[in-house]
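Enquirer: Submitted below is the structure of interest, expressed as C-alpha cells.
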Ligand SMILES: [Zn+2]
C-alpha cells in the first residue's frame, strides 16, 4: 500500500514547528531602522574604540517612556545628549527597542559602547529597551524584539548563551535593566527563547 503523499509534508511541517510564527533572522536584521532613517548622524570613526563582539548585554532606558512619544525624536535627543553633555562618541548602546518592539540602530556595532558605571563595555553588544522597568512591565512586543535581536546577534557574532546578560550582572552600581525586565534575564527566559529561536532557524535551513 502506498502512503498518502501528504504524510511527508505533514512530517516536515511538524519538524519545523519551533520556527513557526518566527521570522527568519535575516528578516529581523532587514527590519532594523538604520541611523540615517531616524535622522541620526554617523559617529567620528577616528575617535572610536573598535572591538569584537563576545557578549550581549541588556539595558533599559531607566526613565518613563510615555506612549505617544516619537521614538525617532527620542533617538535624536539621545544622540545629541550623548555627544554634547556626556562627551561620548555616540549613543552608548548599539540598538534601541521602542514600545512597539521596533529595533533602531544606534552606535555602530563595530565601536565599543560607553557607560556611567564601572564595567568595560568593550566586546559587548549593547541593547537598550525604552522605559523604566523598575516601574512598569515590559510589553510582549518588546520581549519578542529582545529575543529576536539577541538571537540575531548570537548567531552573527557566535556569542554563547552564557554570555547573554544584563547591565547589573556586570556592575554593582546599577539596577539596570530594572527589576521587571531583569526577571527574564535572571530566570534564563531570554537564554531559553534565544536557544529555541536559533534551533528553529537551523531547522528552517535544513
Ligand atoms: Zn544599563
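The values are calculated or read from the model by the stated rules, or taken from the named source; none is laboratory data. Note that the coordinates shown come from a computational prediction; the quantities given were computed from them, not determined experimentally. Quick reminder, even Gly has a Cβ in these numbers, built from the backbone with ideal geometry, and neighbours come from all protein chains shown.
Enquirer: Between a first residue in segment 168-187 that is at positive phi and a second residue that is in a loop (DSSP other than H, G, I, E, B) and more than 13 Å from the ligand (Cβ to nearest atom), which pairs have beta carbons less than 9 Å apart while being 6 or more apart in sequence or on different chains?
Expert: 178/135; 178/136; 178/138
Enquirer: Given the conditions (1) within 16 Å of the ligand (Cβ to nearest atom); (2) without any contact (Cβ under 8 Å) to a residue 40 or more places away in the chain; (3) at positive phi, report the number of the one that residue 86 does not fulfil.
Expert: (3)
Enquirer: If residue 113 satisfies all but one of (1) touching a residue at least 24 places away in the same chain (Cβ under 8 Å); (2) in contact with a strand residue (DSSP E or B) (Cβ under 6 Å, 6 or more places away or on another chain), what's the number of the condition it fails?
Expert: All conditions are met except number (1).
Enquirer: Hey, residue 85 hits all of (1) under 20 Å from the mean Cα position of the chain (by Cα); (2) surrounded by fewer than 13 Cβ atoms within 10 Å (Cβ to Cβ) but one; which does it fall short on?
Expert: Failed condition: (1).
Enquirer: Looking only at segment 44-59, decide whether some residue is assigned to a loop (DSSP other than H, G, I, E, B), at pLDDT 95 or above, within 21 Å of residue 173 (Cβ to Cβ) and within 13 Å of the ligand (Cβ to nearest atom).
Expert: No.
Enquirer: Shifting gears a bit: Here is a list of conditions, (1) within 14 Å of the ligand (Cβ to nearest atom); (2) within 18 Å of the chain's Cα centre (by Cα); (3) not in a strand (DSSP E or B), and residue 65 meets all of them except one; can you say which number that is?
Expert: That leaves (1) as the condition not met.
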